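Colleague: Got a structure for you, questions after.
The values are calculated or read from the model by the stated rules, or taken from the named source; none is laboratory data. As the structure is a computational prediction, the values presented were derived from the model and not from experiment. Backbone-built Cβ (ideal geometry, glycine too); neighbour counts: all protein chains shown. Accessible surface areas use protein heavy atoms only, side chains included; no ligands, DNA or RNA. Shrake-Rupley method; radii C 1.70, N 1.55, O 1.52, S 1.80 Å.
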Amino acid sequence: MVEDTEFREQVLRRAGSEVLTCIQCGTCSSSCPTAHLMHPSIRQLVKLVLEGRKDEALNNRTIWLCTSCLLCTVRCPRGIRPKSVVAALKDLAEKEGIRSPDAAYEELFLKQIRDYGRIAELPMTAKFLLSSPGSALQSMEMGLEMAPKGKIALEIDRVKRPEEVKKIIEELGK
Amino acid sequence: MPIGVYVCHCGLNIAGVLDMDELKRYAETLPDVAVARDLPFSCSDIGQEQIQKDVAEFKLDRVVVAACSPRLHEPTFRRAIAKAGLNPYMLEMANIREQCSWVHMDRPAQATQKARDLIRMAVAKAALLRPLERETVPVSQEVLVIGGGVAGIAAALDLADAGMHVYLVERRPTIGGYMALLTDVFPTNDCSICVLAPKMSEVFNHPNITLISYAEILNVEGSVGNFMVQGQKRARYIDEKLCKGCIDQCASVCPVEVPSEYDFGIGKRKAIYVPYPQAVPLVACVDPKACIGCGRCVEACQADAVKLEQEPEEFKFNVGAIIVATGWQPFDATRKEEYGYGRYRDVITSLQLERLLNAAGPTKGEVVRPSSGQIARSIAFLQCVGSRDATVGNIYCSRICCMASLKNAQLVKEKYPDTDITIYYIDLRAGGEGYEEFYVRAQKLGINFVRARVSRIEQEDGDLYLIFEDTNTGEVKRVKHDLAVLSIGLEPDRSADVIGNILGLSRRPDRFFEIAHPKMRPVEAHIDGVFIAGCASGPKEIQTSIAQGSAAAAKAFKLLQKGELELEPTSAFVDRDKCIQCKLCVDICPKKAIAVESPAYVDEAACKGCGSCAASCPVNAIDMRLFSDAQIMAQVRAATEKKDEFPLIVAFLCNWCSYGAADLAGTSRIQYPTNARNIRVMCAGRVDPDFVLEALRRGADGVLIAGCRIGECHYVSGNDQALQRVNVLKEVLGKIGLDPGRVKIIWCAASEGEIFARQLKRFVDELKEMGPIGTELRAGEAQEAT
């Protein structure tokens, strides 16, 4: 029984109808570099989609953990693109107003690029600390290790024509 | 040209709907009709006798029977008129039951009208019938079997035992194929070579079999019954008559050692070798790639059998039939880079494991880790390597690997009860007699099963780690094993490509040879007189391969045992004066029956009469003996002579599928509109654009062409060609201002009566929408005028 046929169709339209041919072999999950953090696994995510279980498919961390490395897509024996399934779910989640747990950070990240054309690490860290101190503190430890090794840039670096990057981002946002 | 017309009541089957008296009276008025009668049951003895009496009395030279489908009783009436002294092909039937009375039960008046038209069409065609003779041609009663694996051996032995002479041609130095290299085989776990070796020697000793090993087929010409085969026996640098097969004397002095292909690279052999002790023929062979020409073997051989100067030998013979049993080749496991085969020594293939387990193999039956030579204590079997895998282009299941791994796991477990064995599988497929029981046996032996497809293998400190998701629990795991066995799939043998091209065999998308029908004709090729057995047409286990070998033998025997072939006179023929040698027909012919010689020449033994060549010939130089251009044209003209219905549809139905579908709609009493006037053709590809244009020119509102479903054409690609022609026609119609929708092409299998009826109904509706033919022209003119 398919719980929500329309939801299933929405995903299939975006990710391709070959998703229907999934044999649940788990090659995608076991190829995934972040699999250990994912619950449900990508394989289970595909199953949730096929069963039209919209709530479970959209409300989970898995879809936000995908790094788009495409190993799942390269190895799938059925020629399915599990990465596209994840992308479709992210897209639908955003339409439903479901935000990634790291949405705050991602927005800051994007703003930086829009403003400077690349990431300026120090101001970025400062702003992140202000906006969501909880999450930021978690990453502080690594930052402290990196700083003495010269791995954190202190100065604000701009690209030559940041307005062009801005244009690109605006174009993409349409 | 006196014609007799017989309108059959078929009890009430026809007479219950149609006005029989009216039909009889109408038939009497048609040109050349000397006598018309209505008969209660024309197929009964009384009916047939009446026809025979009339033939004598009215000196009839052709007969029209308006009754059931010709697919049912055409042979009956042909026999009946032949008894009366007429040529059996001077018969035409009008299908007024399946395609009329049974499908228009509620509209007797229109149905009778349609029946009148069908009878008129039949009479018009009958006037153009010509006497045809069934030709018989003498055939060779010898058979070529290509490939000496278990399927080829089964075919050769059955034919030879039945008394036919067989040429068995094998590419390798020995027959036996892959089966000879396996250890024990499922589901009985009996020793493979022990059951096969006696069959191999039987082949060698059989008086009716000429075994040509280490040889290749270079060319085949001719057609069913008379194939001329040409080939070459490669030089094995050994005099086969002198060699005793002792091998010790020559091989012991040979200084060159290379990996043995008969051990899949894990064992070694010398440059002069016998593949394995049971090889047939038991004759040494020198590998020219490895041999350094030192000549020590020449000195060592007491029989003086080594001949390093030997040349390849050509051979030629004629056969009546060919059995293709070219088998398979293992999937190349290095293509799955993530499994590390070729980089990690302890990752081996299932075939290498067969050799390790084999008491005659390189380790004398010990299952060891190649890296250390130690007995493996923890073994993983990875299923579906190179099968069910779109990334390597093999979507199909190789069928035997689940059972082979279950078997090998059992053999290891029985030999080393403490060994930990895990089979990683996507789906375990154990369909076959005694197969599920075999699976249960493996489970009871304590073999582990994990439902997972391993995503990669890593090697760390000499151990292998498998990474996979146990899909039953959802955990992603990394598990250590000593030895990983890749269950490699079966692929079509690449060296069979040459044979395929020579014979003109077609291939399925999975690249295996295609059989004539995926269900009903499992061992026949599309080419008459050519049969396919064993893995050449897809992965198969031993028992099925043997069954197919025997089946192919039976088919070949049936074909040739009379010593002559009777040919249906359906073939095409060329008007040599008209032919402009464009060779279009040569490309189009699915049976390779038209020769390139100029002008074109049709091999009537090979031609099956689809008529696609006739439809494609730009100068109408090709015509058909049955269903000739003139006959079909006469039917088209007769159909459009009176336009008593709107829309009037001329429908061309292919004999095998759509005509069958229309008949089935009748037997299922599916009711549909009466507008179509059906014309039977052998294939949708037969429909010449001229027929269509003539029908429209003479006032038909639409033309329907119905063929087999795409991919199911009985002549391989006739329906594709029909589609191409219809697309071009539609463009032409558009250009002259007619609605391209007036020509419609549909596909229905013989089982799809419902679809035929629905499609026809839809077409009628579409044509009603368009209005009578020419409406669009007048509309166009009107528009221009304003």
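Colleague: Where the centroid of each part is defined by its Cα atoms, how far is the range B:712-786 from the range A:19-78 in Å?
Modeller: 47 Å
Colleague: How much length, in nm to one decimal, is gained on full extension between residue A:140 and residue A:115, taken as 0.36 nm per residue of separation minus their Cα-Cα distance?
Modeller: Fully extending the segment from residue A:140 to residue A:115 adds 6.6 nm.
Colleague: Would you mind computing the Rg to Rh ratio of chain A from its alpha-carbon coordinates, Kirkwood style for Rh?
Modeller: For chain A, the value is 1.04.
Colleague: Which cross-chain or sequence-distant (5 or more) residues have an amide H under 5 Å from the amide H of residue B:315, H modelled 1.01 Å from N in plane?
Modeller: Under 5 Å from the amide H of residue B:315: B:231, B:232, B:233.
Colleague: Let me ask something additional. Note down, for the range B:126-251, the three equivalent ellipsoid semi-axes (square root of 5 times each alpha carbon gyration tensor eigenvalue), biggest first, whole angstrom.
Modeller: Output for the range B:126-251: semi-axes of 37, 20, 13 Å.
Colleague: Between residue A:67 and residue A:159, what is the spin-label point distance in nm, taking each point 7 Å from the Cα along the Cα→C-beta axis?
Modeller: For residue A:67 paired with residue A:159, the spin-label model returns 2.3 nm.
Colleague: What trypsin sites (Lys or Arg not before Pro) does the range B:1-79 have in DSSP loop regions with at most 15 other beta carbons within 10 Å?
Modeller: B:59
Colleague: Still on this structure, I have one more. What per residue convex hull volume, in Å³, comes out for the range B:329-491 when only alpha-carbon positions are used?
Modeller: Dividing the Cα hull volume of the range B:329-491 by its residue count gives 117 Å³.
Colleague: Calculate log10 I(q)/I(0) of the range A:5-95 for q = 0.12, 0.25, 0.26 Å⁻¹, where I(q) comes from the Debye formula with a single equal point scatterer on each Cα and nothing for solvent.
Modeller: For the range A:5-95, the Cα-only Debye profile gives -0.28, -1.41, -1.55.
Colleague: Determine which lysines satisfy two conditions relative to residue B:591: a Cα distance under 17 Å, and not lying fewer than 8 residues away in the same chain.
Modeller: Cα-Cα hits under 17 Å: B:583, B:608.
Colleague: Separate question: The range B:604-683: which GluC sites (Glu not before Pro) are DSSP loop and have at most 14 other beta-carbon atoms within 10 angstrom?
Modeller: B:641
Colleague: So, one more: Can you give me the three principal axis dimensions of the range B:235-311 from its C-alpha atoms, in Å, biggest first?
Modeller: Rounded to whole Å, the extents work out to 31, 26, 23 Å.
Colleague: Okay, moving on. For q values of 0.07, 0.11 Å⁻¹, compute log₁₀ I(q)/I(0) with the Debye formula on a Cα-only model of chain B, without solvent.
Modeller: The Debye formula, applied to the Cα set alone, gives -0.68, -1.15.
Colleague: Another question about this same structure. Mind grabbing the accessible area of residue B:274 for me, 1.4 Å probe, Å², rounded to tens?
Modeller: Surface open to solvent at residue B:274 totals about 30 Å².
Colleague: Then there is this: Taking the full set of protein chains and a 1.4 angstrom probe, give the accessible area of residue B:298 in square angstrom, rounded to the nearest 10.
Modeller: Estimated to the nearest 10 Å², residue B:298 gives 50 Å².
Colleague: Further question on the same structure: Assign unit charges at the C-beta atoms only (+1 for Lys and Arg, -1 for Asp and Glu), then state the dipole size of chain A relative to its Cα centre in Debye, rounded to the nearest 20.
Modeller: Using Cβ point charges on Lys, Arg, Asp and Glu, chain A gives about 480 debye.
Colleague: Rounded to a whole number, what is D in µm²/s for the range B:81-184 from Stokes-Einstein with the Kirkwood radius over alpha-carbon pairs (37 °C, 0.692 mPa s)?
Modeller: Answer, rounded: 167 µm²/s.
Colleague: What list of whole percents do you get for P(r) of the range A:103-173, with Cα-Cα distances grouped in 5 Å bins up to the one holding the largest distance?
Modeller: Going from the shortest bin to the longest, the percentages are 3, 16, 23, 22, 18, 10, 7, 1.
Colleague: Count the lysine pairs in the range A:109-174 whose Cα atoms sit under 30 Å apart, keeping only pairs 8 or more residues apart in sequence or on different chains.
Modeller: So the count works out to 19.
Colleague: Quick one, what does Rg over Rh come out to for the range B:302-368 if you take C-alpha atoms and the Kirkwood Rh?
Modeller: We get a ratio of 1.19 for the range B:302-368.
Colleague: How large is the Kirkwood hydrodynamic radius of the range B:534-617, counting all unique pairs of alpha carbons, in Å?
Modeller: Every distinct Cα pair counted, the radius reaches 15.4 Å.
Colleague: Mind checking which aspartates and glutamates have their C-alpha under 16 Å from residue B:768, skipping anything on the same chain fewer than 8 residues away?
Modeller: B:644, B:645, B:701, B:739, B:776
Colleague: Next question, about the same structure. Hey, what does the equivalent ellipsoid look like for the protein assembly as shown, semi-axes from the Cα gyration tensor as sqrt of 5 times each eigenvalue, largest first, whole Å?
Modeller: 61, 47, 25
Colleague: Can you tell me the Rg and the Dmax, both Å, for the Cα atoms in the range B:480-554?
Modeller: For the range B:480-554, the Cα-based Rg and Dmax read 14.8, 55 Å.
Colleague: Pairs of alpha-carbon atoms within less than 8 angstrom and 6+ residues apart define the contacts here; what relative contact order does chain B have, in percent?
Modeller: Relative contact order of chain B: 12 percent.
Colleague: Could you tell me the largest-minus-smallest coordinate of the C-alpha atoms of the range B:111-171 on each of the three principal axes, in descending order and whole angstroms?
Modeller: 64, 28, 23
Colleague: Mean projection of the alpha-carbon convex hull of the range B:86-142 over all orientations, in nm²?
Modeller: The directionally averaged projection comes out at 6.4 nm².
Colleague: With just the Cα atoms defining each centre, how far is the range B:357-409 from the range B:182-212? Give it in Å.
Modeller: Centre-to-centre (Cα) distance: 23 Å.
Colleague: Residue farthest toward the positive end of the dipole of the range B:136-239, with Cβ of Lys/Arg at +1 and Asp/Glu at -1: which of B:217, B:198, B:179?
Modeller: B:217
Colleague: Got a sec? What order do A:38, B:633, A:140 fall in by accessible area at 1.4 Å, biggest, i.e. largest, first?
Modeller: Final ranking, largest accessible area leading: A:140, B:633, A:38.
Colleague: Order B:179, B:105, most accessible first, counting only protein heavy atoms with a 1.4 angstrom probe.
Modeller: Accessible-area ranking of B:179, B:105, largest first: B:105, B:179.
Colleague: Return P(r) of the range B:1-132 (all Cα-Cα pairs; 10 Å bins starting at 0; whole %; ordered from short to long distances).
Modeller: Computed distribution, short to long bins: 15, 50, 31, 5, 0.
Colleague: Let me ask something additional. What residues have an amide H closer than 5 Å to that of residue B:477, excluding those fewer than 5 places away on the same chain, when H is modeled at 1.01 Å from N in the peptide plane?
Modeller: Answer set, sorted by chain and number: B:468, B:469, B:470.
Colleague: Now, a different point. Could you pull the Cα extents of the range B:397-499 along its three principal axes, largest to smallest, in whole Å?
Modeller: 47, 32, 29
Colleague: Could you compute Rg(Cα) / (2.2 N^0.38 Å) for the range B:626-786, with N its residue count?
Modeller: 1.02
Colleague: Heavy atoms of the protein only, probe of 1.4 Å, neighbouring chains included. What is the accessible area of residue B:218 in Å², nearest 10?
Modeller: Accessible area, nearest 10 Å²: 90 Å².
Colleague: Given an 8 Å cut-off on Cα distances and at least 6 residues of separation, report the relative contact order of the range B:497-621 as a percent.
Modeller: Relative contact order here is 18 percent.
Colleague: A further question on this structure: How much net charge surrounds residue B:4 when only other residues with a Cβ under 14 Å from its Cβ are counted (Lys, Arg +1; Asp, Glu -1)?
Modeller: That works out to -3.
Colleague: Please arrange B:418, B:482 by accessible surface area, largest first, computed with a 1.4 Å probe and ligands excluded.
Modeller: The residues order as B:418, B:482, largest area first.
Colleague: What list of ³J(HN,Hα) values in whole Hz, one per residue of the range B:755-771 in order, does the Karplus curve 6.51 cos²θ - 1.76 cosθ + 1.60 (θ = phi - 60°) give from phi, with Gly and Pro shown as x?
Modeller: Computed from phi, the couplings for the range B:755-771 are 5, 4, 4, 5, 5, 5, 4, 4, 5, 4, 4, 4, 5, 4, 4, 6, x Hz.
Colleague: Same structure, new question: Antiparallel as a % of all DSSP beta bridges within the protein assembly as shown, to the nearest 5?
Modeller: Once the DSSP bridges in the protein assembly as shown are tallied, antiparallel ones form about 45 percent.
Colleague: Any idea how far apart residue B:188 and residue A:90 come out in nm if each label point goes 7 Å out from Cα toward Cβ?
Modeller: For residue B:188 paired with residue A:90, the spin-label model returns 5.9 nm.
Colleague: Per the Cauchy relation, a quarter of the hull surface: what is the mean projected area of the convex hull of the alpha carbons in the range B:568-609, in nm²?
Modeller: Average of the hull's projected areas for the range B:568-609 equals 2.7 nm².
Colleague: Got the relative contact order for the range A:103-173 handy, in percent, Cα pairs under 8 Å and 6 or more residues apart?
Modeller: Averaging sequence separation for qualifying contacts and normalising by length gives 45 percent for the range A:103-173.
Colleague: If the cut-off is a Cα-Cα distance under 19 Å, which lysines reach residue B:268, setting aside same-chain residues fewer than 8 apart in sequence?
Modeller: Excluding near neighbours in sequence, the set is B:289, B:364.
Colleague: May I pose another question? Count charges around residue B:771 for me, please; just the other residues with Cβ under 15 Å from its Cβ, Lys/Arg as +1, Asp/Glu as -1.
Modeller: -4
Colleague: Related question: Could you work out Rg/(2.2 N^0.38 Å) for the range B:668-745, with Rg from alpha carbons only?
Modeller: Ratio of Cα Rg to 2.2 N^0.38 Å: 1.15.
Colleague: Can you list the residues, at least 5 places off or on another chain, whose amide H is less than 5 Å from the amide H of residue B:397, using H built in the peptide plane?
Modeller: B:388
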